[in-house]
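The block underneath contains the structure these notes are about, expressed in structure tokens.
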Amino acid sequence: VRDMSLLEFGRRLLRGGGVRTVTSRQLEAQLAEDTPPTVIDLREPRLARRGMIPTAENLPFDDFLKSVVVDGRFADDKGRALVLVCDHGNVSRVAGDVLAKDEGFTNIRSVRGGMMAWHHLQRRKGGWWGCCRRAPRASA
């Protein structure tokens, strides 16, 4: 993956083009459907260990972009429903912008408010402890 400067990151964050958002409530409903979206948690493993959306795969931002751009992950299905999540929704919007603008993906969503919004929704429902699964620790 090419190095992304802070300026480029900021431009993509402001632009956020091609990336629609999904609320935590909408995502929760989509996860209950027969064909749920693929959810990628872009946070670093130490943050993901605090709890993840059920079914999410933890793949930090740089690793995720490398797996898609360099290794060709999902290249056979660029219309696949992908939902990206990070802490607050900013990093996931940038990753989604890269996929949409540079790689031709057409069905990318970013969780509005990120994991902070997801946790808030679960707390309001009274399901704080059961809302998330813990990410496994990396083997040493």
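The values are calculated or read from the model by the stated rules, or taken from the named source; none is laboratory data. For clarity, every value in this text was computed on a predicted model and none was experimentally measured. As a convention, Cβ positions derive from the backbone with ideal geometry for all residues, glycine included, and neighbour counts pool all protein chains shown. Surface areas here come from the heavy atoms of the whole protein model, side chains and all, with no ligands, DNA or RNA. Shrake-Rupley method; radii C 1.70, N 1.55, O 1.52, S 1.80 Å.
Points worth noting:
- Residue pairs meeting the criteria (Cβ under 6 Å; at least 6 apart or on separate chains; first basic (Lys, Arg), in the range 99-119; second open to solvent by 30 Å² or more (accessible area, probe 1.4 Å) and assigned to a helix (DSSP H, G or I)): none
- Taking every residue in the range 54-79 that is within 25 Å of residue 118 (Cα to Cα) and at pLDDT below 90 and pairing it with any residue that is assigned to a loop (DSSP other than H, G, I, E, B) and open to solvent by less than 70 Å² (accessible area, probe 1.4 Å), at least 6 positions away or on another chain, the pairs with Cβ-Cβ distances below 8 Å are 54/132.
- Test result for residue 42, under 20 Å from residue 122 (Cβ atoms), modelled with pLDDT of 95 or more and in contact with a strand residue (DSSP E or B) (Cβ under 8 Å, 6 or more places away or on another chain): yes
- Unique match (being open to solvent by less than 70 Å² (accessible area, probe 1.4 Å) and more than 15 Å from the chain's Cα centre (by Cα)) among 96, 72, 51: 72
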